[in-house]
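Participant: I'd like to ask you about the structure that follows.
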Amino acid sequence: MTPVSAPEDPFADVLTANAAFAESFPGEERPGRAAKGLAVMTCMDSRISPLEVLGLQVGDAKILRNAGARVTSDVLRTLTLAHFLLGVDRVLVLAHTDCGMTKKTDEEVHQLVAEHGVDTRSIDFHTVADQRTSLARDVQRIRSWPFLPAGTPVAGGIYDVRTGRVEMVVEHEPTA
């Protein structure tokens, strides 16, 4: 009988990398508040490094991520907490080019998942038919959220994964 080996730890690579990181970790207290008062709502796409893209440092901003950079009810809940507890006073919604959420409809995603035997009909995947329109609606959703102060600066942009540039699509509307 051949001995069965234990499966390799699927997280060994990241834990090894963390051990190396911890060896040189400065150990100073890092504040939990957003030093630059910024929250960035962006996509979970691994090609986006929000701090680098926007010239920020660790601790400067609160970073929220999900598939498609969509403003969901949980994002609104989190922004409320970020404002009142963590020093956020402005929000940038940052979509990106070549986003997978623009390439399928919710129905196509449900069908794809169903092919694996999983019924996801109770989930709204928030796919994006028109990125600019969705971005404008998501920015407006934050602007009209009653649990953030009126006039909170909110803008929306699209990050180009090929050039590294951000195009502002929905500019901040200054209050009178």
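The values are calculated or read from the model by the stated rules, or taken from the named source; none is laboratory data. Here the structure is a predicted model, which means the values were calculated and not measured. As a convention, Cβ positions derive from the backbone with ideal geometry for all residues, glycine included, and neighbour counts pool all protein chains shown.
Participant: Take the residues in the range 27-53 that are within 15 Å of the chain's Cα centre (by Cα) and of a type in the set (Gly, Ala, Ser); name whichever of them is surrounded by the fewest Cβ atoms within 10 Å (Cβ to Cβ).
Facilitator: 46
Participant: From the list 136, 129, exactly one residue is among the aliphatic types (A, V, I, L, M), touching a residue at least 12 places away in the same chain (Cβ under 8 Å), farther than 17 Å from residue 34 by Cβ and in a helix (DSSP H, G or I). Which is it?
Facilitator: 136
Participant: Those residues that are modelled with pLDDT of 95 or more, surrounded by fewer than 16 Cβ atoms within 10 Å (Cβ to Cβ) and out of contact with any Leu (no Cβ under 8 Å at 6 or more places or on another chain), I need them from the range 125-152; list them, please.
Facilitator: Hits for the range 125-152 are 129, 130, 132, 133, 136, 137, 140, 144, 146, 149.
Participant: Please determine, by comparing only the residues of the range 54-66 that are buried (at least 17 other Cβ atoms within 10 Å of the Cβ) and closer than 21 Å to residue 100 by Cα, which one is nearest to the chain's Cα centre (by Cα).
Facilitator: 64
Participant: So, one more: Name the residues in the range 99-124 that are exposed (fewer than 12 other Cβ atoms within 10 Å of the Cβ) and over 18 Å from residue 73 (Cα atoms), would you?
Facilitator: 103, 107, 115, 116, 117, 118, 119, 121, listed by residue number.
Participant: On to the next question. Looking for whichever is modelled with pLDDT of 95 or more and under 21 Å from residue 157 (Cα atoms) here; the options are 77, 70. Which one fits?
Facilitator: Residue meeting the stated conditions: 70.
Participant: Being surrounded by 10 or more Cβ atoms within 10 Å (Cβ to Cβ), closer than 30 Å to residue 156 by Cβ and of a type in the set (Asp, Glu), is that true of even one residue in the range 6-26?
Facilitator: No - not one qualifying residue is present in the range 6-26.
Participant: Sticking with this structure for a sec: Return the total of residues in the range 153-174 being over 14 Å from residue 131 (Cα atoms), in a loop (DSSP other than H, G, I, E, B) and either in contact with a strand residue (DSSP E or B) (Cβ under 9 Å, 6 or more places away or on another chain) or at pLDDT below 95 (or both).
Facilitator: Of the residues in that region, 7 qualify.
Participant: Inspect the range 40-60 for any residue being of a type in the set (A, V, I, L, M, F, W, C), within 19 Å of residue 172 (Cα to Cα) and in contact with an Asp or Glu (Cβ under 6 Å, 6 or more places away or on another chain) and give the result as yes or no.
Facilitator: So far as the range 40-60 goes, no, none of its residues is of a type in the set (A, V, I, L, M, F, W, C), within 19 Å of residue 172 (Cα to Cα) and in contact with an Asp or Glu (Cβ under 6 Å, 6 or more places away or on another chain).
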